[in-house]
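Input: a single structure, listed below in C-alpha cells.
Each value in this text was obtained by applying a stated rule to the coordinates, not by laboratory testing. Small disclaimer: the values here were computed from a predicted structure and weren't measured. Cβ placement follows ideal geometry from the backbone for every residue including glycine, while neighbour counts extend to all protein chains displayed.
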Amino acid sequence: MGNFSLDPGQQARCAEVRDLARQHLAPLAEKGEQGRVNRPLVAELGRLGLLDRLFTSGALDLCLMRESLAQVSTEAETALALQGLGAHPVHAHGTEAQRARWLPEVRAGRAVAAFALSEPGAGSDAAALELRATRQGRGAVSISGSAAGRDRSRRDPHPPTPQKWLLSGEKTWISNAPEADFYTVFARTGDPGTRAGGVTAFLVPADRPGLTGAPLDMLSPHPIGTLTFDDVPVTADDVLGEPGAGFRVAMNTLNLFRPSVGAFAVGMARAALDATLAHTARREAFGGPLKDLQTVAHQVADMALRVESARLMVYAAASAYDEGADGVPRRAAMAKLLATETAQHVIDTAVQLHGARALRRGHLLEHLYREVRAPRIYEGASEVQRAIIARELYKEETR
C-alpha cells in the first residue's frame, strides 16, 4: 500500500466532486424535507455520474467521494451512500436478470435502494435475525439463466418448481424506508440455532403484497423507517447469492462500506475544522483574535491531528480492501471506529470554540452536531467495532 498522499488525479477528482456538490447538489439538498427521500437530489447524483462510480471504482475512490461530498453537503453524501449500500449486494451477488433490472435505474438516480438488516431485537447482533422466510412447497432452487438450469431443463420435461418463501416479521432503523423502490432484505431461512448460517439475502421490490412501512422521526436528518412483512412472497429468483449465505452478503457489503462511513465522518470533521480555523482567526476576544490564545490554538492543533490520523486509517483500510490484503474486517472496523469517534470529538470541540452561535438552528455546526452522532451507531456501533477488532486480533494470534 502507498503512503496515502493523493496523486494529482485523485486531488483533481476530489476538487471536482466538491465543486459539483456546491453548484448542483447543495441547492437541491436545501430544498429537501428532513426525514424524507430527496428524489430530485438522487436524480442529480445520477445525472452527474456519481452514482455510476459506486459500481465502477474501488473502496478508496468511494471513500474519496464520500469525504469530498461530506465537506460540502452531508445530505448529498448520505443520499449517495445509501444508494450504494442498498444496491451493492445486487451488483456483487445478484443474478444477471436482477442486475439488468435494477442497477441501470440506480445508476440513473431513478430507483431508490435500501439495505434492510436491522430488526427490533437484532441490531448490533445481526446474526440474531428473526424475520422468517417460510418455505412454500418442495421445489428445488432454480438459478435463472445458468448452464446447469438449461441442461436440467433439456433432460427433464417437467423441471422442478422454483423455491418459494413467505417473509414475516419486522425491520427497523432502515435508511430510505419506507420510500425505497427495492430492499436488500436479510431473513432467516434456517433454524434459529444456526445463527449466521441460516440467513438468506433477498431482493424485494417495494410493491410486493404484504410489505408496508412507516417513517421514524430521528435526530439524524436523513430518512429512516420501519418495514413490516406480512407473508411477503419471494422466490429463488429474488435470492441474492446462495440460500443460507446471506450473512456473508451482509458482511461483505459492510466490509466495503465501513471504511467509507469513516470517510463520511472525516469529511464532516474537516468541515468543522475549516469553520473553526476561519472563526478563531477573525473572532476578537481578550484583546486579540482567538487563535492567539494558546488554549485555543492547541485545541485546533489537536483537532487537525485527529482528523489527519483518521483520514490515513480510512485510506489504509480502503486500500487493503482494494488490494485483497489480509485483515480487511479488522482494518475496516478500526477505520470506522477511529473516524466516527474522532469526528464526534472534533465537532464537539468546534461547537465549544464557536460558542452559542453554533447552537442556533441552521448553523453549519448545529447541523453537523446532529449528523455526527448516528455514524457511531449505524453499520455496527463503536462497541461492535471494538469486538470485531479484538476477535480478529485473537484469530490472527492463534494461526
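Counting 0.36 nm for each residue step from ARG248 to ALA297 and taking away their Cα separation leaves a gain of 13.0 nm.
Annotation: lysines with alpha-carbon distance below 26 angstrom to LYS336 (same-chain offsets under eight excluded): LYS171, LYS395.
Between ASP207 and THR56, the modelled labels are 2.9 nm apart [label points 7 Å from Cα along Cα→Cβ]. For the chain, the relative contact order works out to 16 percent when only alpha carbon pairs closer than 8 Å and six or more residues apart are counted. A full extension of the chain between ARG360 and ILE377 corresponds to an added length of 3.6 nm, given 0.36 nm per residue minus the alpha carbon distance.
Could you list the trypsin sites (Lys or Arg not before Pro) in segment 1-96 that lie in coil according to DSSP, counting only those with at most 16 other Cβ atoms within 10 Å of their Cβ?
Taking segment 1-96 and a limit of 16 other Cβ atoms within 10 Å, the loop trypsin sites (Lys or Arg not before Pro) found are ARG36.
Students often get this wrong: which residues of segment 200-227 have the backbone nitrogen under 16 Å from the point 7 angstrom along Cα-to-C-beta of THR134? In segment 200-227, the label zone of THR134 (backbone N under 16 Å from the point 7 Å along Cα→Cβ) covers 210-211. Counted by neighbouring Cβ atoms within 10 Å, the residues HIS298, HIS363 run from fewest to most as HIS298, HIS363. If you find the alpha carbon centre of segment 204-283 and of segment 105-122, how far apart are they in angstrom? Segment 204-283 and segment 105-122 have Cα centres spaced 7 Å from each other.
Whole-Hz Karplus values for segment 48-58 come out as 7, x, 6, 5, 4, 5, 4, 10, 10, 9, x Hz, taken residue by residue from phi with 6.51 cos²θ - 1.76 cosθ + 1.60 and θ = phi - 60°; glycine and proline positions read x. Over segment 8-108, all Cα pairs binned in 10 Å intervals from 0 give whole-percent P(r) values of 15, 50, 28, 7, listed from short to long. Farthest toward the positive end of the dipole of the chain, out of MET218, GLY49, THR95, is the Cα of THR95, where the dipole comes from beta carbon charges about the Cα centre.
Efficiency by 1/(1 + (r/R0)^6): what FRET value for ALA278 and LEU219, r their Cβ-Cβ distance, R0 = 25 Å, to the nearest 0.05? Show your work: numbers first, answer last.
Values: r = 27 Å, r/R0 = 1.06.
That gives a FRET efficiency of 0.40.
Go through (1) 90, 52, 41; (2) 81, 43, 39; (3) 62, 54, 37 and flag the label whose value is the computed Cα extents along the principal axes in Å for this structure. Correct label, based on the coordinates given: (1). Gain on full extension, evaluated as 0.36 nm per residue between ASP7 and GLU308 minus their Cα-Cα distance, stands at 106.7 nm. Simple spin-label estimate for GLU396 and GLN23 gives 4.4 nm between the two label positions (7 Å along the Cα-to-Cβ direction from each Cα). Taking the helices alone, the chain has a mean residue ellipticity at 222 nm of -17000 deg cm²/dmol, built from -39,500 (n - 2.57) per DSSP H run of at least 4 residues and averaged over all its residues. Helix 328-354 and the longest principal axis of the C-alpha atoms of the chain enclose an angle of approximately 40°. The ranking of ARG135, ARG270 by Cβ neighbour count inside 10 Å, starting from the fewest, reads ARG135, ARG270.
In degrees between 0 and 90, to the nearest 10, how far off the longest principal axis of the chain does helix 8-20 point, with axes built from Cα atoms? Helix 8-20 sits roughly 90 degrees off the main axis of the chain.
Entry note, segment 342-399: relative contact order of 24 percent, from Cα contacts under 8 Å with a spacing of 6+ residues.
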